[in-house]
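S.K.: Just dropping this structure here.
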Amino acid sequence: MSIQFQKHADGVAVLTIDVQGRSANVLDATFAVAFGEALARIEADSEIKGVILTSGKRDFSVGADIGELRRLREPRQAFEKAQAFKAELRRLERVGRPVVAALNGSAFGAGLELALACHHRVLLDAPHVRVGLPEVKLGLLPGAGGTQRLPRLIGLQAAAPLLLEGNPLRAQEAHRLGVVHELAGSAEELMQKARAFIARGDKQQAPWDQAGFRWPGGDARAPAAAQMFAVAPSMVDARTYGNYPAPIYILACLFEGGLLDFDAASVVESRYFAACASSQAAQNLIESLWFQRGIVEKGRSRPEGVAPSQVHKLGVLGAGMMGAGIAHVAAGKGIQVVLLDVTLEQASKGKAHSESLLDAAIDKGRSTRETKEDRLRLIQPTTRYQDLAGCELVIEAVFEDRAVKADVTSRAEAQLSQAAVFASNTSTLPITSLAASSARPAQFVGLHFFSPVHKMELVEIIVGQQTSQETLARAFDFVRQLGKTPIVVQDARGFYTSRVFSTYVMEGAELLLEGQRPRSIEVAGLVAGMPVGPLALLDEVNLNLIARVQAQAQKDAEQAGAELPHQPGASVISRMLALNRPGKKEKQGFYDYPEGQPKRLWPELGKHFPPAPEPLAQGEMVERLLFVQANETARCFAEGVVRSVADANIGSILGWGFAPFHGGTLQFINACGLERFVARSRELAARYGARFLPADILVDMAATGGTFDA
């Protein structure tokens, strides 16, 4: 059973949610049946004086079963599902006895909505506990009364950001806002406070069911609310560019619900929930960020038959931005880190990066001085390669220069045991060629982290020609140990993420070369759903680095007797470098970076890249920026560079921010339709060049009606 029902001698019924076969309480169809049966028992037993809902697991509930939502395609199905669960919550709310949610752990989504339907909420005050309504992050809105109960509890203005942003609250903040009524320091105190509320017997109705109920701060007609609703839609549109319907639907629920009684407002919420659930954006987000990400993180790409492993001592070569970031994240997971650089000053500067991040966390109330000291003790800055002795894994994060990497590889390996793994954090140089400097290439692998390391969730694991299955498994385990998401790719220039990412920024450069206005290019990138415009990203990456990568690629091609294809926008890079405008680091690139002011596009760009007499339509630029990335991903997939559809989609979203509402580069092709994508690609190729010609795999799939299935 999903709910354990216990009636105690004092007349209190304790319902303990413990969904069988799940590591966390997911409110699925079996739970709904058990919940209905428990309600029937309470309704039929007049001796029950009160009800406590709690959990038999570490957390209260992680929310609804997204797998069930994934199978919904028709709006009516979603509407009826929402209405059915709401009916059960109203039964609980109107059961005629006080009902308390004893939240012994985190409560998210429908789990929190269940708690909001209780008359009183007591929350365990512990570091790991969070509560929130994160549905908007999957293109949905809370469909079990969350958009109606929450604002009636804490006010429209306080509820709006919680619903629109979906960010979790810590226990103290949830109490301060009024989401929960009381906090408890232990499981025992939690139940004591729950029983004490029932013993008082003074509240058996939700506030909105009581005569004379007034909204905190006023309903949707109040002046403060009217002001919020006047500006909020434009603020949402400025952030989402209309690509995500859920935030606008949430605002509609708040506004319309703020003019209606609770039950009528709940029906309105169900209708907007149905619109969200059946939208292409939600289907894409659920498919990729929930279903396919789950596939990736559960280890489909991890070799079978290799025992799980953990890293206890890690070596990091190079204490620059990447090396320092890796050291910080590893120390945060309790791993001892040897941070090595050419001088002790540089190594110590890398450790200071962790100190500054920890200080910022303390200032925001997210960490403590004790935690800071514990983590800093784990990082050992050094210049001595001998200190690497005992490391199970060493990651080099030095300059993208073969000679430098070869030198640190041989010097580090001399100090390691035969079982240790060596990894390179290179973002472009082929792993097989770097492994040529290794005495044991079978234990050499690529671990491509993204900057800033403490924020970016993806790590790209690159398998060289001689990388063993055991080495791959150990690298995979290490990435999961850090709490990050690993994708596995084969060795090739640029691997997967750098190769496809470069098509986005270089297409932006090509648009500039063609005479498109810089601001129009940047806005097209944002409208396409990318987090930053292509020119701004070129500044972030730095044109000097791009030029070095291009030079190395040219040198490698010449040595191999091959010819590199022309890269769009390449002349823009050389021209900007000739103008001494390499990027953000030097405070001058495509943008100017005035001290203490927002960046702004360099006014002289129009002089060096004159505007075309007839600008392209925005939609045309958006398509170019998206199609060029999706097409290159299809080539990577066909070549075996990226091993799975899930790796391709998750890598594109988490790696370089490919428009999440499209669900990743291959899901974008699916949603577009293979035939339409191929036809449109050919039109773009006829106008703008061979790079848009559809990959052969797409032509074949379009002819057979195939799709990219995870």
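The values are calculated or read from the model by the stated rules, or taken from the named source; none is laboratory data. Keep in mind that what you see is a predicted model, and the values were worked out from it rather than measured. Glycine gets a Cβ as well: all are built from the backbone with ideal geometry, and neighbour counts include every protein chain shown. Quick note on the areas: whole protein, heavy atoms, side chains included, nothing else; ligands and nucleic acids left out. Shrake-Rupley method; radii C 1.70, N 1.55, O 1.52, S 1.80 Å.
S.K.: At 0.36 nm per residue, and after removing the present C-alpha to C-alpha distance, how many nm does the segment from residue 355 to residue 617 gain when stretched out fully?
M.R.: This chain segment gains 89.5 nm when fully extended.
S.K.: Let me ask something else about it. Quick one: net charge around residue 261, please, counting Lys, Arg +1 and Asp, Glu -1 for every other residue with C-beta under 15 Å from its C-beta. Intermediate values should be presented prior to the final figure.
M.R.: Working: positive: 86, 90, 94, 149, 152, 214, 221; negative: 93, 209, 219, 256, 263, 269.
My count for the surroundings of residue 261 gives +1.
S.K.: Right, another one. Per residue, how much space in cubic angstrom lies within the convex hull of the C-alpha atoms of the chain? It would help to have the intermediate numbers written out before the result.
M.R.: On the way: hull volume 128.3 nm³, N = 710.
Taking the convex hull of the Cα positions in the chain, it is 181 Å³ per residue.
S.K.: Still on this structure, I have one more. Straight distance only, please: which aspartates and glutamates reach the Cα of residue 364 with their own Cα at less than 16 Å, same-chain residues fewer than 8 apart left out?
M.R.: List returned: 173, 355.
S.K.: Using only the Cα atoms of segment 551-614, build the gyration tensor, take square roots of its eigenvalues as a ≥ b ≥ c, and label the shape rounded, prolate or oblate: rounded if a/c is under 1.5, else prolate if a/b is larger than b/c, else oblate.
M.R.: Here segment 551-614 falls in the oblate category.
S.K.: Please compute the length gained on full extension between residue 585 and residue 238, using 0.36 nm multiplied by the number of residues separating them and subtracting their Cα-Cα distance.
M.R.: Working: separation 347, 0.36 × 347 = 124.92 nm, distance 2.76 nm.
Answer, rounded to one decimal: 122.2 nm.
S.K.: Can you give me the angle between helix 543-559 and the longest principal axis of the chain, using Cα atoms only, in degrees from 0 to 90, rounded to the nearest 10?
M.R.: Roughly 50 degrees, rounded to the nearest 10.
S.K.: Considering only C-alpha atoms, what is the centroid distance from segment 93-168 to segment 506-564, in Å?
M.R.: Rounded to whole Å, the Cα centres lie 44 Å apart.
S.K.: Which lysines, if any, have their Cα less than 17 Å from the Cα of residue 584, not counting same-chain residues under 8 positions apart?
M.R.: Within the straight-line cut-off, residue 584 pairs with 599.
S.K.: A follow-up question, please. Can you tally the net charge around residue 349? Count Lys and Arg as +1, Asp and Glu as -1, for every other residue whose Cβ sits under 11 Å from the Cβ of residue 349.
M.R.: Values: positive: 351; negative: 341, 345, 355.
With Lys, Arg at +1 and Asp, Glu at -1, the net is -2.
S.K.: Which residues does a label at residue 307 reach in segment 410-443, if reach means a backbone N under 17 Å from a point 7 Å past the Cα toward the Cβ?
M.R.: Once the point is set 7 Å along Cα→Cβ of residue 307, 418-421 turn out to lie under 17 Å by backbone N, inside segment 410-443.
S.K.: Let me ask another. Roughly how much of residue 440 is accessible, in Å² to the nearest 10, using a 1.4 Å probe?
M.R.: 30
S.K.: Okay, moving on. So what's segment 269-377 giving for Cα Rg divided by 2.2 N^0.38 Å, two decimals?
M.R.: Numbers: Rg = 20.5 Å, N = 109, 2.2 N^0.38 = 13.1 Å.
The value comes to 1.57.
S.K.: Around residue 421, which amide H atoms from residues at least 5 apart in sequence, or from another chain, sit under 5 Å from its own amide H, with H modelled in the peptide plane?
M.R.: Amide H to amide H, under 5 Å and 5 or more residues apart or across chains, residue 421 pairs with 393, 394.
S.K.: Sticking with this one: Each label point is 7 Å from the Cα along the Cα-to-Cβ direction; what then is the distance between the points at residue 693 and residue 386, in nm?
M.R.: My value for the distance between the label points is 6.0 nm.
S.K.: Rank by packing, highest mean first: peptides 662-668, 218-224, 187-193, 12-18, with packing defined as the count of other Cβ atoms within 10 Å averaged across residues. Each step should come with its number before you reach the end.
M.R.: Values: 662-668: 28.4, 218-224: 14.1, 187-193: 16.0, 12-18: 20.1.
Ranked from most to least packed, the peptides come out as 662-668, 12-18, 187-193, 218-224.
S.K.: How far, in degrees from 0 to 90, does helix 187-200 lean away from the longest principal axis of the Cα atoms of the chain, to the nearest 10?
M.R.: 30
S.K.: Here is a further query. I'd like the orientation of helix 223-240 relative to the chain: the angle between its Cα long axis and the longest Cα principal axis, in ° from 0 to 90, rounded to 10.
M.R.: The angle comes out at about 30 degrees.
S.K.: Ordered by packing density, taken as the mean number of other Cβ atoms within 10 Å over each peptide's residues, highest first, how do 450-457, 480-487 rank?
M.R.: On the way: 450-457: 15.9, 480-487: 19.9.
Packing proxy ranking, top to bottom: 480-487, 450-457.
S.K.: At a probe radius of 1.4 Å, what is the per-residue accessible area of residue 626, in Å² to the nearest 10?
M.R.: 10
S.K.: Sum up the charges of everything whose Cβ sits under 10 Å from the Cβ of residue 12, counting Lys and Arg as +1 and Asp and Glu as -1, but leave residue 12 out. Please report the intermediate quantities before stating the final value.
M.R.: Details: positive: 7, 49, 97, 195; negative: 10.
Once positives and negatives cancel, what remains is +3.
S.K.: Give, rounded to the nearest 20 debye, the magnitude of the charge dipole that the chain has about its Cα centre when Lys and Arg contribute +1 at Cβ and Asp and Glu contribute -1 at Cβ.
M.R.: Values: 76 positive and 77 negative charges, 156 e Å.
It works out to roughly 740 debye.
S.K.: Under 13 Å Cα to Cα from residue 81, which aspartates and glutamates show up? Leave out anything in the same chain fewer than 8 places away.
M.R.: Leaving aside aspartates and glutamates fewer than 8 places away in the same chain, those within reach of residue 81 are 28, 65, 68, 269.
S.K.: Right, another one. Quick check on my link table: of 351/455; 587/607; 405/455, which ones sit more than 29 Å apart, alpha carbon to alpha carbon?
M.R.: Values: 351/455 17 Å; 587/607 20 Å; 405/455 26 Å.
In this structure, no pair lies more than 29 Å apart at Cα.
S.K.: Between residue 370 and residue 221, what FRET efficiency follows from the Cβ-Cβ distance if R0 is 56 Å, with the result rounded to 0.05?
M.R.: On the way: r = 50 Å, r/R0 = 0.89.
Efficiency computed from Cβ-Cβ geometry: 0.65.
S.K.: Report residue 197's accessible area, 1.4 Å probe, all protein chains in place, as a number in Å² to the nearest 10.
M.R.: 10
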